[in-house]
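Participant: Please read through the structure below; I'll follow up with questions.
The values are calculated or read from the model by the stated rules, or taken from the named source; none is laboratory data. Just so we're clear, the structure is a prediction, and the values are computed from it rather than from any experiment. Cβ: placed from backbone, ideal geometry, glycine included. Neighbour counts: every protein chain shown. Surface accessibility is based on the protein's heavy atoms, side chains included, excluding ligands, DNA and RNA. Shrake-Rupley method; radii C 1.70, N 1.55, O 1.52, S 1.80 Å.
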Amino acid sequence: MASVSISNVQKSFGEVEVLKDISIDIADGEFVTLVGPSGCGKSTLLRMLAGLEKITNGSMAIDGRVVNNVPSMDRDIAMVFQNYALYPHMTVKENMGFSLKMRNASVQEIDDKVGHVAEILGLGKLLDRHPRQLSGGQRQRVAMGRAIVRNPKVFLFDEPLSNLDAKLRVAMRGEIKELHQRLRTTTVYVTHDQVEAMTMASKVVVMREGRVEQIGPPLELYDRPCNLFVASFIGSPAMNFLPGLCEGEVFSADCGLRLPMGSRGVKGRAVYGIRPEHCRLNTGGVEVEVIVVEPLGAETQLVLRSAGQDFVCVAHDRVDVHPGQTISIQPDVSKVHLFDVETGVRL
Ligand code: ADP
Ligand code: MG
């Protein structure tokens, strides 16, 4: 196990700068997710940590040792990719034991280690099969098994669940988390899926266009996003945003709505943010028209409209409302977020 320290790392491909001054500290045994829209530089950062991509500027250290010039195979890391990259002509057992074999481990040692990891991952009965004889989820497990067998200091995952269907993805998400709780190996996990990022990690790094926007525990990002980008990226359905003017304890939105904001001491123009689950329904407040009702069982999502402005609200119970009806919503003032109109920074 090991800590990972990324300090002022920058990366350019020719003239194009894709990572700008990235610094992230990861403690020994921590599970960190890197999340951000496609193209923001997550894979590049992970590949640099793995030694598959040169570091243009800055430094990366694993277990206190700077690895900028250490070849990939000497970094003691194991990487699991989206496409699994299993050898098609080898059995599950051969795939999982391959790295040990390359290191001249004895047949007995390979048998023992592969057997042990196969039990942990529920692959014990599949050891003689070839990858083509496995389901997507089983192949994913073999790819993880191959990484675990090496007993690395750090696990690196790059969108390992993207090729699985939604149900399997949720199941594997839980399995990887459970595995980490058991092995406690330092893990860096890349995903574009904010739900995956939030549910798996103890620390989430939100990236955009080659920069780190915010680092923190999942609920801190949710409760106190540092800017409009993080506020809109984390949470589903997304936070509602309204530009307008702060007037004492009332926010006067440009669309004409007047919303409570409590005493924030903020003056002038701002963007008002309220999450869909932080509006009470039919307890007075702002009148809105019901546009769409989406019953999901455990909750009901509503698209509401007033003064040409759409709102999304979520009720955690079943609500008897219909499109065309007028209802009222009341934002919980303690849950209102305010952001600077120009910079997007939290006020
Ligand atoms: P992500 O994994 O977040 O989707 P990537 O790290 O794959 O993003 O890519 C970040 C940016 O770097 C993208 O704009 C991509 O086009 C660019 N990029 C990645 N690899 C190369 C490369 N080998 N040469 C040039 N540009 C690259
Ligand atoms: Mg990627």
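Participant: Right, residue 20: within 16 Å of ligand 2 (Cβ to nearest atom), at pLDDT 95 or above and not in a helix (DSSP H, G or I) or not?
Facilitator: Here the answer is no, as residue 20 does not meet what is asked.
Participant: What do you reckon, is residue 167 farther than 25 Å from residue 52 by Cβ and either touching a residue at least 24 places away in the same chain (Cβ under 8 Å) or assigned to a loop (DSSP other than H, G, I, E, B) (or both)?
Facilitator: Here the answer is no, as residue 167 does not meet what is asked.
Participant: Considering every residue within the stretch 139-158, establish whether at least one is free of Cβ contacts under 8 Å to residues at least 40 places away in the same chain, part of a helix (DSSP H, G or I), open to solvent by 10 Å² or more (accessible area, probe 1.4 Å) and basic (Lys, Arg).
Facilitator: Among the residues of the stretch 139-158, at least one is free of Cβ contacts under 8 Å to residues at least 40 places away in the same chain, part of a helix (DSSP H, G or I), open to solvent by 10 Å² or more (accessible area, probe 1.4 Å) and basic (Lys, Arg), which makes the answer yes.
Participant: Out of the residues in the stretch 48-57 that are part of a helix (DSSP H, G or I) and either free of Cβ contacts under 8 Å to residues at least 12 places away in the same chain or more than 11 Å from ligand 1 (Cβ to nearest atom) (or both), state the one that is surrounded by the most Cβ atoms within 10 Å (Cβ to Cβ).
Facilitator: Among residues in the stretch 48-57 that are part of a helix (DSSP H, G or I) and either free of Cβ contacts under 8 Å to residues at least 12 places away in the same chain or more than 11 Å from ligand 1 (Cβ to nearest atom) (or both), the one surrounded by the most Cβ atoms within 10 Å (Cβ to Cβ) is 49.
Participant: Considering only residues that are in contact with a strand residue (DSSP E or B) (Cβ under 8 Å, 6 or more places away or on another chain) and either in a strand (DSSP E or B) or of a type in the set (Gly, Ala, Ser) (or both), which ones fall in the stretch 308-323?
Facilitator: 309, 310, 311, 312, 313, 314, 315, listed by residue number.
Participant: When the residues of the stretch 1-38 are narrowed to those that are of a type in the set (Asp, Glu) and within 18 Å of residue 156 (Cβ to Cβ), which ends up surrounded by the most Cβ atoms within 10 Å (Cβ to Cβ)?
Facilitator: 30
Participant: Suppose the filter is assigned to a helix (DSSP H, G or I), farther than 25 Å from residue 214 by Cα and more than 15 Å from ligand 1 (Cβ to nearest atom); does residue 73 pass it?
Facilitator: Against the criterion (assigned to a helix (DSSP H, G or I), farther than 25 Å from residue 214 by Cα and more than 15 Å from ligand 1 (Cβ to nearest atom)), residue 73 qualifies.
Participant: Does residue 193 qualify as being out of contact with any helix residue (DSSP H, G or I) (no Cβ under 8 Å at 6 or more places or on another chain), within 24 Å of residue 48 (Cα to Cα), touching a residue at least 60 places away in the same chain (Cβ under 8 Å) and within 16 Å of ligand 1 (Cβ to nearest atom)?
Facilitator: So residue 193 fits the description; yes.
Participant: Looking at the stretch 211-219, can you tell me whether even one residue there is among the aliphatic types (A, V, I, L, M), part of a strand (DSSP E or B) and either open to solvent by less than 10 Å² (accessible area, probe 1.4 Å) or farther than 19 Å from residue 311 by Cα (or both)?
Facilitator: yes
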